[in-house]
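Q: Just passing along the structure, written as structure tokens.
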Number of protein chains: 2
Amino acid sequence: MSQIVDGYNYLHLGRSVKKSEHIIATFFIGSQMEINKAAQVVAGESSIGTWTDIKTLSKATFKKLSAKVIQADRRTRIVKIAYPLALFEPSNIAQLLSDVAGNIFSMKAIPNLRLIDLEFPDKYINSFLGPAFGADGVRHKLKVYKRPLIGAIMKPKLGLSWKQHAHFAYLAFKGGVDLVKDDENLTDQTFNPFDKRVRETVKLARKAEQETGQKKLCAFNISASANEMIKRAEFVKKAGGHCAMVDIMTVGFSGLQALRQARLGLILHGHRAMHSTMTRNPKHGISMTVIAKLARLAGIDQLHTGTVVGKMEGTARETNDINKFLSCKWGRIKPVMPIASGGLHPGLVPQLYKVIGPNVIINFGGGLHGHPKGTYQGAQAAFQAVEAVTKRIPLKKHAKSNIALAEAIIKWGAG
Amino acid sequence: MSQIVDGYNYLHLGRSVKKSEHIIATFFIGSQMEINKAAQVVAGESSIGTWTDIKTLSKATFKKLSAKVIQADRRTRIVKIAYPLALFEPSNIAQLLSDVAGNIFSMKAIPNLRLIDLEFPDKYINSFLGPAFGADGVRHKLKVYKRPLIGAIMKPKLGLSWKQHAHFAYLAFKGGVDLVKDDENLTDQTFNPFDKRVRETVKLARKAEQETGQKKLCAFNISASANEMIKRAEFVKKAGGHCAMVDIMTVGFSGLQALRQARLGLILHGHRAMHSTMTRNPKHGISMTVIAKLARLAGIDQLHTGTVVGKMEGTARETNDINKFLSCKWGRIKPVMPIASGGLHPGLVPQLYKVIGPNVIINFGGGLHGHPKGTYQGAQAAFQAVEAVTKRIPLKKHAKSNIALAEAIIKWGAG
């Protein structure tokens, strides 16, 4: 039972480990292998072991650095493995993933494996910068403290010129949104150059601020190679912007950490495009919970975590758990503001609010620019829907005195 | 049939597109949806569409920028989509992935999706730097032109001190290996600090070079945040090293491109730990073929692509196809040298050679340091096994006059 491929025993079942000195990973293991053996294969390959005994591994090293299987459930095939903190380099997410989410996903003997959760000691958590602003900082910047924040994704995803982009952003701001954002695949294309878009959109955001007396935020998508990304962030800063967006998964954690470490004083808006390549199969890959934890360590201020009710997959429970985590106390690392985004329209707001609550950014794309009267009225409708839920007025009742909302409901329904 | 959620028709079946002006993606779509409709959902969400019609999208923009479904097979559910090149920013892998591998993986309507292949026009390919050395450059550096190159992964993965690390590297070099590499989870830990490891290992590699008259290469794992990674690469260079290793998937393409763009003149060794979180499910995620193409664009000189015969999953056909791609002519981008790594020992070399051929780096970890006599003899056995296949001598026959190989075969078998 305790025999393991490289000749060492990683089992530590029922025995305690110091939580302050270990990173604890929860895995689901899908394999024909007996669960204790399978757990040891995972523990070995993700720490100091390999498939055969080797002459270069001393007993002292094994004792000090080997991962320990502390739970292994035969029925659910869920295991917990404790990794001594000494295995990890502080403040290095790539290194962490190469340990606990690396080769183990490729082992022939284990066809399915899912990294469900990671628990970190404070010492490790505090080696990261975390968000510069965090959820409170974002609210403070916008001076909106109680209701959900309202975002508009510029649509079409690709195809607006920089002038159109800024113009529609202005209309959305005037209609009542707090934040306007580039879509995940818009960066610096010839039809909409980054520098021109940034300058013009910031200019019109300032205009909207003066005209409405409200604060406005623009999330510009700077996703690119890390050096270029930092240059673009500096450009946003210089142009008077306060926020940059990063596609955290397609960029990767090395680029994201470099950006945060550049300490540019920008709010970082985290889009999660591509996460589903690794999160969607419930028996394989890495959970969105783990990705959210890594994004918080790295320093994202706002993170897409699911809508439950829109076009994108994701259960209410998972989204809620993640949003709860993002707002919890976690070492010295600030809380993150969750973003609900994807297929939302005003009619879905009451349902969404019921599940997610007020501490969220609600993004509207098609459900705003698709309003029968266009972007300005679409933004009004979005604002009115949020107003309804925060004032506890039924949506259809509120629509009676709010024409933009009424028209949105006629097009897309309510609920 | 041609109706699509956002009111636009992306179908272009049987019609031609200019290959020089489009990126062509091949997907498998697993969904209850009729295949043409499903293909249009993917084409829309990955280019300029969304789930509803919007007022901000003009007919001219749609015509110019919309993705086109050029093939859709009802039986295999494989589709080909052509994306106008104008959608993409040159030399930006994050942006490419946010287009063709982003939100589409999260759509409720499409539970399974796999990006099988990407074909690029030369104009796009040539916007990237590609490898600085490439396969030929690596061979030239080592002055080994015909046989497979032989690598030793330092084991245990974690736990050797910097002194031990350099010592065992020296023994492996003396025994006959060309390249010594850090394992994927070793970066800069307290028990083995990066700077000390680099200085000492380079020193002993030079010593081994003088004593053997052969060239030797050390791949130091610099995986970290992009800024730190570049600092480490500069350190390697300054210490007299010629090669750095990057965990391309846990680092991400933004960090990898930044590293290459720093033009430090180092050979880049690409480890693929974590790829299986997205490559392993044959019906979902992204294929290793696509990842290999992106790594070549980004500028990896040596890439892990599978062993077929070792501890890691991966079919012979896939590995062969990838290795073939890595060596083919591809715009102005140099060929990449594939690496076979994971669970290999001398007895597996003939089988591996038969499948993969001579243009490969064969890495040995446990199958070298686990030799009954230790690292030096383990390296000798690895070298002797490679010698046998290149001289076309049956392994067991060659073992008669090569004691290290004979002992390896006794421990692990042959074949």
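The values are calculated or read from the model by the stated rules, or taken from the named source; none is laboratory data. A quick note: this is a predicted structure, and the numbers were derived from the prediction, not measured. All Cβ positions, even for glycine, are placed from backbone atoms using ideal geometry, and neighbour counts span all protein chains on display. Accessible surface areas use protein heavy atoms only, side chains included; no ligands, DNA or RNA. Shrake-Rupley method; radii C 1.70, N 1.55, O 1.52, S 1.80 Å.
Q: Counting only protein heavy atoms, probe 1.4 Å: which residues of segment B:53-69 lose 20 Å² or more of accessible surface in the full assembly compared with their chain by itself?
A: Going by heavy-atom accessible area, the residues of segment B:53-69 that drop by at least 20 Å² are B:Asp53, B:Ile54, B:Lys55, B:Thr56, B:Thr61, B:Leu65.
Q: Could you identify the residue of A sitting closest to the A-B rotation axis by Cβ and state that distance rounded to whole angstrom?
A: Here the nearest residue and distance are A:Gly252, 0.
Q: For the protein assembly as shown, what does the accessible surface come to per residue with a 1.4 Å probe? Please give it in Å².
A: Values: 28760 Å² over 830 residues.
Averaged over the residues of the protein assembly as shown, the accessible area is 35 Å².
Q: Could you calculate, for chain B, the ratio of the Cα radius of gyration to the Kirkwood radius, expressed as Rg to Rh?
A: A ratio of 1.04.
Q: Using the crude model of +1 on Lys and Arg Cβ and -1 on Asp and Glu Cβ, and no other charge, please compute the dipole size for the protein assembly as shown relative to its Cα centre, in debye to 20.
A: Using Cβ point charges on Lys, Arg, Asp and Glu, the protein assembly as shown gives about 120 debye.
Q: Further question: Considering only B:Gly240, B:Gly159, B:Gly7, whose Cα is most displaced toward the positive end of the charge dipole of chain B, charges sitting on Cβ of Lys, Arg (+1) and Asp, Glu (-1)?
A: Of the options given, the answer is B:Gly240.
Q: Short version: which residues of segment B:241-270 lose at least 50 Å² of accessible area, all chains versus chain alone, 1.4 Å probe?
A: B:Thr250, B:Ser254
Q: Turning to a different aspect of this structure: If I compute solvent accessible area with a 1.4 Å probe over the protein chains, what percent of it on chain A is carbon and sulfur?
A: Carbon and sulfur atoms account for 53 percent of the accessible area of chain A.
Q: Calculate the spin-label point distance for B:Ser127 paired with A:Arg332, positioning each point 7 Å from the Cα along the beta-carbon direction, and give it in nanometres.
A: 4.2 nm
Q: Treating the beta-carbon of each Lys and Arg as +1 and of each Asp and Glu as -1, no other charges, what is the dipole magnitude of segment B:291-415 about its Cα centre, to the nearest 20 debye? Kindly include the intermediate steps, with their values, before the conclusion.
A: Values: 16 positive and 6 negative charges, 71 e Å.
Dipole size: approximately 340 debye.
Q: Further question: What nm distances, shortest first, do you get from the label point of A:Ser20 to those in the other copies when the point sits 7 angstrom along Cα to Cβ?
A: 6.8
Q: Then there's this: Would you jot down the residues in segment B:101-120 that end up with at least 50 Å² less accessible area in the complete protein assembly than in the chain alone, with a 1.4 Å probe?
A: B:Asn103, B:Ser106, B:Lys108
Q: Sequence gap at least 6, Cα distance under 8 Å: using those rules, report the relative contact order of segment B:134-412 to the nearest whole percent. Display every interim value, and only then the final one.
A: Numbers: 540 pairs, mean separation 56.5, N = 279.
Rounded, it is 20 percent for segment B:134-412.
Q: Pull out a ≥ b ≥ c, the square roots of the eigenvalues of the alpha-carbon gyration tensor of segment A:19-125, then state rounded if a/c is under 1.5, prolate if not and a/b is larger than b/c, and oblate in the remaining case.
A: Oblate.
Q: Average the reciprocal distances over every distinct pair of alpha-carbons in the protein assembly as shown, invert the result, and give the Kirkwood radius in Å.
A: Kirkwood hydrodynamic radius for the protein assembly as shown: 27.3 Å.
Q: Only Lys, Arg, Asp and Glu count, each charged at its Cβ (+1, +1, -1, -1), so figure out the dipole size of segment A:134-412 about its Cα centre, rounded to 20 debye.
A: Result for segment A:134-412 is approximately 700 debye, rounded to the nearest 20.
Q: Putting +1 on Lys and Arg Cβ atoms and -1 on Asp and Glu Cβ atoms, find which of B:Thr26, B:Asn363, B:Thr212 reaches farthest to the positive end of the dipole of chain B.
A: With unit charges placed on the Cβ atoms, the residue in question is B:Thr212.
Q: Using 1/(1 + (r/R0)^6) with R0 = 41 angstrom and r between the beta carbons of B:Lys324 and A:Arg317, what's the FRET efficiency to the nearest 0.05? List each step's numbers first, then the result.
A: Numbers: r = 45 Å, r/R0 = 1.11.
Result of the calculation: an efficiency of 0.35.
Q: So, one more: I'd like the interface area for chains B and A: accessible area of each alone minus the complex, both sides summed, 1.4 Å probe, protein heavy atoms only. What is it in Å² to the nearest 100?
A: For chain B against chain A, roughly 7400 Å² becomes buried.
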